[in-house]
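These notes concern the structure reproduced below.
The values are calculated or read from the model by the stated rules, or taken from the named source; none is laboratory data. Worth saying up front: this structure is predicted, and the values here are computed from it rather than measured. So basically every Cβ, Gly included, is an ideal-geometry build from the backbone, and we count neighbours across all protein chains shown. Calculation scope for accessible area: heavy atoms of the full protein, side chains included, ligands and nucleic acids excluded. Shrake-Rupley method; radii C 1.70, N 1.55, O 1.52, S 1.80 Å.
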Amino acid sequence: VQPVESGGGLVQAGDSLRLSCAASGRSLVSYAVGWFRQAPGKEREFVSAISWSGDSTRYAHSVKGRFTISRDNSKGTVYLQMNGLKPEDTAVYYCAADIRPPGVTIRGYEYWGQGTQVTVSS
């Protein structure tokens, strides 16, 4: 399965964006999906994750209450709704998938997308 992200862009502080993650080839339906981000000069960090059924979600402390992860398995798509964006949210956002339960580490995901840029201006 090859995750493909979309929905990034340039926004102002306080604005919202919705990222999407679909897959080329096999559907994401059977996979847990995680979102990670990497800012320039920093390590890739966990943002949020969701189980294959959508029953279980996880969030990084820095985004809890502002970001919401969800999925529509009829469309084979996972979403990351980002509200109240801050300049420190600027990063390349990556979607990752794995057959195991949703984890918070990079090692917990086998399949990775190419990323989508999110830039938040102050």
Practice task
Pull up the range 52-82, narrow it to residues that are within 24 Å of residue 24 (Cα to Cα), free of Cβ contacts under 8 Å to residues at least 40 places away in the same chain and among the hydrophobic types (A, V, I, L, M, F, W, C), then point me to the one that is surrounded by the most Cβ atoms within 10 Å (Cβ to Cβ).
Solution key: 69
Fill in the blank from the handout: The correct count of residues that are outside any strand (DSSP E or B), open to solvent by 20 Å² or more (accessible area, probe 1.4 Å) and farther than 22 Å from residue 16 by Cα in the range 103-122 is 5
Practice task
Please give the number of the condition residue 67 fails out of (1) over 23 Å from residue 2 (Cβ atoms); (2) more than 11 Å from the chain's Cα centre (by Cα); (3) of a type outside the set (Asp, Glu).
Solution key: (2)
Exercise for the section: Consider only pairs whose beta carbons are under 8 Å apart and that are at least six residues apart or on different chains; among these, list those whose first residue lies in the range 10-37 and is more than 24 Å from residue 87 (Cβ to Cβ) and at pLDDT 95 or above and whose second residue is of a type in the set (Lys, Arg) and in a loop (DSSP other than H, G, I, E, B). Expected result: 22/75; 32/100
Handout entry: Residue in the range 90-101 that is outside any loop (DSSP other than H, G, I, E, B) and open to solvent by 40 Å² or more (accessible area, probe 1.4 Å) present
Key = no
Practice task
Out of the residues in the range 4-63 that are basic (Lys, Arg) and part of a loop (DSSP other than H, G, I, E, B), state the one that is farthest from residue 102 (Cα to Cα).
Solution key: 42
